[in-house]
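Worksheet: the structure to be examined is printed underneath.
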Amino acid sequence: MNILLKSVKILDPNNAGLHTKKRDILIKGGKIEKIAVRIDAGKGVKTIAKKNLHVSPGWFDGGVNFGEPGFEERETIAHGLSVAARSGFTDVVLHTGTNPVPDSSSDVVFLKSAGKGKATNLHPLGSLTVKSEGRNLAELFDMKNAGATGFYDFKKSLSNGNLLKIALQYVQGFDGLVYSFPLDMEIAGKGVVNEGEVSTKLGLKGIPSLAEELQIVRDLFILEYTGGRLHIPTISTANSVKLISDAKRKGLNVSCSTAIHNLWYTDATLSDFDSNYKTTPPLRTARDVKALIKGVKDGTIDLVITDHTPMNIELKKVEFDHAAYGTIGLESAFGALNTLFGAEATVDILTRARTQYALENPEIKEGAIASISLFDPDETYVFGEEHINSTSKNSIFLNSELKGKAYGIINNGQLIF
């Protein structure tokens, strides 16, 4: 498909010559052929012209869940990738929250095949341990060769520190990335929300910040001993930010992420017992949110992810204690981040983390493969169900006022707009 983008504003912090400039962009055969102040459309060229249309290098989401295999009623891979494309994402990393979990090379091959030919690129993770049970390491080397970008037992902490030690030592032979979910289950107990004033008022069992931070301290000590690459997903506390910042200053090869909703909401939103606000890690305090935002800005936090987790309505429309954890987040991602950080910083946040997964960063320049996100950073609206494309509707951002809307992508020779 040949496409002409008319008078679009380019946001590309890595391209000083075009950053914040308005240009026409001609794309032919999946490549950017020409960038100029004015380009006339020839025959067989589809023209895209929209008021206040902005473009940037394609966005990257380092953490999503789709239901397939096992929970296709929540979201299939094909539909999930369509949602991601319409939400502005050219690349997504797929978590391992499926049934069965991907713990072999054949499982990774299946996931890669399911995502083949779609506009949004799928980068699956493999499980760190067999069946994500935390007992024996899975086929890490074989999964890496099959296309796994890292190894993660989704939302399950690894209680066996020696197994983490062995994993970090083993993957150094092929530059593997090991995930360790930061939660000490013995400290967390049966908690369902952040432990503090709010949990006490509501009569809900709390998960103390200590449960996250103790696990991080242990994991960082093991990393310092073994070397290797460690990723700590979805941190949520101020002390976690400090611990990881200190570790990076010591030269440890550690990265981390936080979920968008943990930058936006505090545990004060739980007063209505709305299960859409039940997430893991839980929503924390205003102090924690402030520290997380600062960590994103100064680069301590490498990735901000949607942590997109579709859930059946019957698992959410129950008493808060018994409701499932998780929220969808793809459709609201750009609006939420843009509201917090502004357009230029948001583009940087959504494009800076590919190198952690050995993926190339797309560029907006003549001759480059077209991997482009299209959006309007100025449109304000109240996020409602009409904005949700996912099969499941469990969004924490329902009824929130957002600024900025994604229109789609150009990627893999396809236009989703």
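Structure above, values below:
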read-out: Hits in the stretch 93-110 - residues which are open to solvent by 10 Å² or more (accessible area, probe 1.4 Å) and in a helix (DSSP H, G or I); value: Ser105, Ser106, Asp107, Val109, Phe110
read-out: Close pairs (7 angstrom Cβ cut-off, 6 or more residues apart or separate chains): among the small types (Gly, Ala, Ser) in the stretch 373-399, open to solvent by 10 Å² or more (accessible area, probe 1.4 Å) and assigned to a strand (DSSP E or B) anywhere; value: Ser373/Ala406
read-out: Options Gly404, Gly413: the member that is open to solvent by less than 10 Å² (accessible area, probe 1.4 Å) and touching a residue at least 12 places away in the same chain (Cβ under 8 Å); value: Gly404
read-out: Considering residues of the stretch 300-324 that are out of contact with any Gly (no Cβ under 6 Å at 6 or more places or on another chain) and β-branched (Val, Ile, Thr) only, the residue nearest to Glu75 (Cα to Cα); value: Ile313
read-out: Elements of type helices (runs of 4 or more DSSP H) contained in the stretch 141-249, each with 1 or more residues being charged (D, E, K, R) and surrounded by 20 or more Cβ atoms within 10 Å (Cβ to Cβ); value: 209-226
read-out: Enumeration of residues in the stretch 377-390 that are surrounded by 19 or more Cβ atoms within 10 Å (Cβ to Cβ), farther than 19 Å from Asn65 by Cα and of a type in the set (A, V, I, L, M); value: none
read-out: Residue identified as open to solvent by 30 Å² or more (accessible area, probe 1.4 Å) and either under 19 Å from His308 (Cα atoms) or part of a helix (DSSP H, G or I) (or both) among Leu340, Leu359; value: Leu340
read-out: Residue selected from the stretch 124-140 under the condition under 26 Å from Ala259 (Cβ atoms) and charged (D, E, K, R), by the criterion least open to solvent (accessible area, probe 1.4 Å); value: Glu133
read-out: Output for the stretch 362-373, where each listed residue is surrounded by 22 or more Cβ atoms within 10 Å (Cβ to Cβ) and over 30 Å from Val254 (Cβ atoms); value: Ile364, Ala370, Ile372
read-out: Among residues of the stretch 189-246, those that are among the aliphatic types (A, V, I, L, M) and closer than 27 Å to Phe273 by Cα, counted; value: 10
read-out: Filter result for Lys393 (open to solvent by 40 Å² or more (accessible area, probe 1.4 Å), among the charged types (D, E, K, R) and part of a loop (DSSP other than H, G, I, E, B)); value: yes
read-out: Condition met for Leu374 (under 21 Å from the mean Cα position of the chain (by Cα), assigned to a loop (DSSP other than H, G, I, E, B) and not basic (Lys, Arg)); value: no
read-out: Filtered residue count, the stretch 320-337, keeping only those that are free of Cβ contacts under 8 Å to residues at least 24 places away in the same chain and either crowded, with 24+ Cβ neighbours inside 10 Å or not in a helix (DSSP H, G or I) (or both); value: 0
read-out: Those residues of the stretch 258-309 which are charged (D, E, K, R) and buried (at least 20 other Cβ atoms within 10 Å of the Cβ), in sequence order; value: Asp267, Lys278, Arg284, Asp288, Asp302, Asp307
read-out: Cross-chain or 6+ apart pairs with Cβ under 7 Å, the stretch 338-367 first and closer than 26 Å to Asp378 by Cα and small (Gly, Ala, Ser), then in a loop (DSSP other than H, G, I, E, B) and open to solvent by 30 Å² or more (accessible area, probe 1.4 Å); value: Ala353/Asp302
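The values are calculated or read from the model by the stated rules, or taken from the named source; none is laboratory data. Since this is a predicted model, take the numbers as computed values, not measurements. Don't worry about glycine lacking a Cβ; one is built from the backbone with ideal geometry, like all the others, and counts go over all protein chains shown. With ligands, DNA and RNA removed, areas are computed over all heavy atoms of the protein, side chains included. Shrake-Rupley method; radii C 1.70, N 1.55, O 1.52, S 1.80 Å.
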